[in-house]
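Okay, so here's the structure we're looking at.
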Amino acid sequence: MEEKKPSGKAKNSDQKKNKLSPRDVTGCDATSQMLEKARKDGVLIAFDRAADMKACPIGADSACCKHCAMGPCRLSAKDPYSKVGVCGATIDTIMSRNFARMVAAGAAAHTDHGMAMLDLFREVVNGNVPGYSIKNPTKLASVAQSIGIETADKSVQEIANELYLELERTYTQVEGEIPFAKRVPEKTLEAWRKEGIVPRGAMREIMELMHRTHMGVDQHYENITKQICRTALADGWGGSMVSTEISDILYGTPSPILADVNMGVLKEKQVNIIIHGHEPNLFESMLESVNLPILINAAKEAGAEGINLVGMCCSGSEMMSRHGIPHAGNFSSTEAVLVTGAVDAMAVDIQCIKQGLAKVAECYGTELFTTNPRCRIEGATHIEFNDHNAKECTDEIVIKAISRFKNRSYPVEIPNITNPGIHGFSYDYINYMLGGSFRGSYAPLNENIINGRIRGVAGVVGCTNPRVKQDYIHVELVKELIKNDVLVLQTGCSQIALAKAGLLVPEAATLAGPGLSEVCETVGMPPVLGFGSCVDNSRILLAASEMVKTGGLGDSIADLPVAGAAPEWMSEKAIAIGQYFVASGVYTVFGVTFPITENTRFHDLLFDGLEAKGMGKWGHSPDPRKMAGMMIDHIDKKRKALGIDKARERVLVDMQDRRSLG
Ligand code: SF4
Ligand code: MSK
């Protein structure tokens, strides 16, 4: 077969503009290598598009409104109160409505994902999905008990039926609190009740938020903020939590497992299939398809040594956590991985799927498959995935991938980089890990925080964003935190960044401060614990809740010496996550940019005022070391308030540390 070059009609770049060096835009060596190759091949990926697309400064400050045809109205971020919109809307109204709609969209994404999991659960419980069963009856019972369902003397089927009916209320409940509100620490719940922000069903909350942000409805930023909080909580303690819990019930709760991350997980001599997206159903079915002897034989007949299934983004993280499936990279690497020429099929479902993938895939003769009715892309082949006959879709994709392998006509270049790491931690596993089978509880974690070995806990999560150097801010932030004895919990693309930096192995404990490293060495755990995908941030909420309930660290989540960060965020989902952490009581620092104008009343409310109402607050800095300082200062403030502060100096990661990390 004659080798083709991705050129002529296939290439998608005229390469006229000067581009930043690959090393400047990504801290990921494999992505950098592929970006260089893409440029040689005349193929454009997101890093180049980001350089060519100047972000709108008015939009970045959220100082514009296009909610009606009297506008769009543009206000000045420099002098925010100098003007109002045609309807008279102030900067605070405009910004709070824009922010609200980001939260509504992010919450809708997570809750719709959770709804799809619940749909599958209902069909499994009703016996309508052949081959599916409840893999984790222990988790089924514990989730049911946590929301007050009596499980004694009931069959798995009975408990599952009752649980389904209860959890459906997470979406549909018109009045009253959602079921998982029962898992919230009492004092936190009290603060929400006082503010009137305990969520009803997500459908109602999202609908009301969209209504209130329509032209001419809610025009008081404080009142809008209440509904922002309520909607975000309907995501974190609702849709996202349902998604995680149902996935665990159907597919098993993750437990620590060794897995490789980075593009070196692709195999030149095998049929490479990548699954990228968020819902585990497609991936679980694909796992069965690639293990079918008939398809393995077909791959061998086509000259391959086997079929290599690999994940990307969040469903990749989920499958890595449950099954140890290798992971090829995070959000900013999804186009770059196609440049290897080694991907025989990429199948996607929902969320964070760049439309640019279709063109890049075409440039390298890879077929991109959309599989979900909610996500189609021009230029991609659509093979619809249906839970009732799941393998019809995934078998067909495997067959097409084998055919592409047989007819591979593009040169293959796979970066020879893999990074092993331990993934698959969870709220449930921490219970066991620190306490052991006989003393399973969060008490040892709390004790280590109280005695100061662990200074506090940070959730570092979220996306990568081609507007900032990929992975760099995640990695630098986490290094600073662990050096200062802050235990780091991770999800999403951040977890992949840290895995690539080698921090998800127990040996990374040597990079932690003396207290944290002692705990890690005693338990044999890494100082950075990977909790899974972006909906799995609900695991972090539950861990925080358990820390409160275990005692010694205050009465509400807001009392805990904890902080959160999304250093390279990009999506509306990230804003929804940030907001539910803030409303739950966590100080949450975002990097890159913040979609609000400073020196406004709405900014003051989010960055300061919410704390006085028993919640957390937002913070922002694009600088990882500054971000770490802000989080550590907050943790120390909480330690002081709890009376467990010891004089502790903040340690900076110096050059010698950096060399040893390298
Ligand atoms: Fe302008 Fe008001 Fe219409 Fe927004 S709602 S576009 S501020 S007139
Ligand atoms: S995939 S939302 S880029 S974490 Fe969940 Fe990654 Fe952010 Fe998407």
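The values are calculated or read from the model by the stated rules, or taken from the named source; none is laboratory data. Keep in mind it's a predicted model, so treat the numbers as computed, not measured. Cβ coordinates were reconstructed from backbone atoms using ideal geometry, including for glycine residues, and neighbour counts include every protein chain displayed. Protein only, heavy atoms only, side chains kept; ligands, DNA and RNA dropped before computing areas. Shrake-Rupley method; radii C 1.70, N 1.55, O 1.52, S 1.80 Å.
Roll a 1.4 angstrom probe over the protein heavy atoms and tell me the percent of accessible area of the range 257-406 that is carbon or sulfur.
Carbon with sulfur: 47 percent of the solvent-accessible area.
Non-local amide H neighbours of H382 (under 5 Å, H modeled in plane, Pro and chain starts lacking H): which ones?
Here T370 satisfy the definition.
Name the residues whose placed amide hydrogens come within less than 5 Å of the amide hydrogen of A342, ignoring near sequence neighbours (fewer than 5 apart) on the same chain.
Amide H to amide H, under 5 Å and 5 or more residues apart or across chains, A342 pairs with E413.
State whether the range 516-601 is rounded, prolate or oblate according to the following rule on the C-alpha gyration tensor (a ≥ b ≥ c being the square roots of its eigenvalues): a/c under 1.5 gives rounded; otherwise a/b larger than b/c gives prolate, and the remaining case gives oblate.
Judged from the Cα gyration tensor, the range 516-601 comes out prolate (a/c at least 1.5, a/b above b/c).
Distance from the Cα centre of the range 358-399 to that of the range 231-287, in angstrom?
What the calculation gives is 18 Å, centre to centre.
Decide, for the chain, between rounded, prolate and oblate: order the square roots of the alpha carbon gyration tensor eigenvalues as a ≥ b ≥ c, take rounded if a/c falls under 1.5, and otherwise choose prolate if a/b is larger than b/c, else oblate.
rounded
Could you report the range 77-251's accessible area per residue, 1.4 Å probe, as an integer in Å²?
For the range 77-251, the per-residue accessible area is 38 Å².
If Lys and Arg each add +1 and Asp and Glu each add -1, what is the summed charge of the other residues whose beta carbon sits under 14 Å from the beta carbon of R212?
After counting each charged neighbour, the total is +1.
May I ask you to evaluate 6.51 cos²θ - 1.76 cosθ + 1.60, the Karplus curve with θ = phi - 60°, for each residue of the range 341-355 and list the ³J(HN,Hα) values in order in whole Hz, giving x for glycine and proline?
Ordered by residue, 3J(HN,Hα) equals x, 9, 8, 8, 7, 10, 10, 10, 10, 9, 6, 6, 8, 6, 4 Hz.
Among the GluC sites (Glu not before Pro) in the range 190-292, which ones are in a DSSP loop with at most 16 other Cβ atoms within 10 Å of the Cβ? Mind listing them?
The qualifying sites are E268.
Under a Cβ-Cβ cut-off of 13 Å, what is the net charge of the residues other than I325 that fall near it, where Lys and Arg count +1 and Asp and Glu count -1?
After counting each charged neighbour, the total is -3.
Could you work out what % of the accessible surface of the range 459-610 is carbon and sulfur, using a 1.4 angstrom probe and leaving DNA, RNA and ligands out of the count?
Of the solvent-accessible surface of the range 459-610, carbon and sulfur hold 49 percent.
Could you give each residue of the range 374-384 its phi-based ³J(HN,Hα) in whole Hz, using Karplus coefficients 6.51, -1.76, 1.60 with θ = phi - 60°, and x for Gly or Pro?
8, 9, 10, 9, 4, x, 9, 8, 9, 10, 6
Taking amide H positions as placed 1.01 Å from N in the peptide plane, with prolines and chain starts having none, which residues 5 or more places from F590, or on another chain, fall under 5 Å of its amide H?
A566, G619, H620, S621
Distance between the C-alpha centers of the range 36-81 and the range 471-519? Whole Å please.
Here the answer is 33 Å between Cα centres.
When DSSP assigns beta bridges and you keep just the ones with both residues in the chain, what percent turn out antiparallel, to the nearest 5?
15
Keeping all protein chains in place, calculate the accessible area per residue for the range 425-661 (probe 1.4 angstrom), answer in Å².
Value for the range 425-661: 32 Å² per residue.
Starting from the range 349-436, pick out the GluC sites (Glu not before Pro) whose DSSP state is loop and whose Cβ has at most 13 other Cβ atoms within 10 Å.
Within the range 349-436, the qualifying GluC sites (Glu not before Pro) (loop, at most 13 other Cβ atoms within 10 Å) are E378, E384.
Which of the peptides 477-483, 173-179, 321-327 is most tightly packed, and how do the rest follow, judged by the mean count of other Cβ atoms within 10 Å per residue?
Peptide ranking by packing, descending: 477-483, 321-327, 173-179.
Determine the sum of side-chain charges near L282: Lys and Arg each +1, Asp and Glu each -1, restricted to other residues whose C-beta is under 10 angstrom from that of L282.
Surrounding charge for L282 is -4.
222 nm [θ] for the chain, helices only, -39500 (n - 2.57) per DSSP H run of 4+, per residue, to 500?
-14000 deg cm²/dmol
Would you work out if the range 77-251 is rounded, prolate or oblate? Take a ≥ b ≥ c from the square roots of the eigenvalues of the alpha-carbon gyration tensor; rounded if a/c is under 1.5, else prolate when a/b is larger than b/c, oblate otherwise.
prolate
Heavy atoms only, probe 1.4 Å: what % of the accessible area of the range 8-157 goes to carbon and sulfur, would you let me know?
53
Under a 1.4 Å probe, what is the accessible area of the range 257-406 per residue, stated in Å²?
For the range 257-406, the per-residue accessible area is 31 Å².
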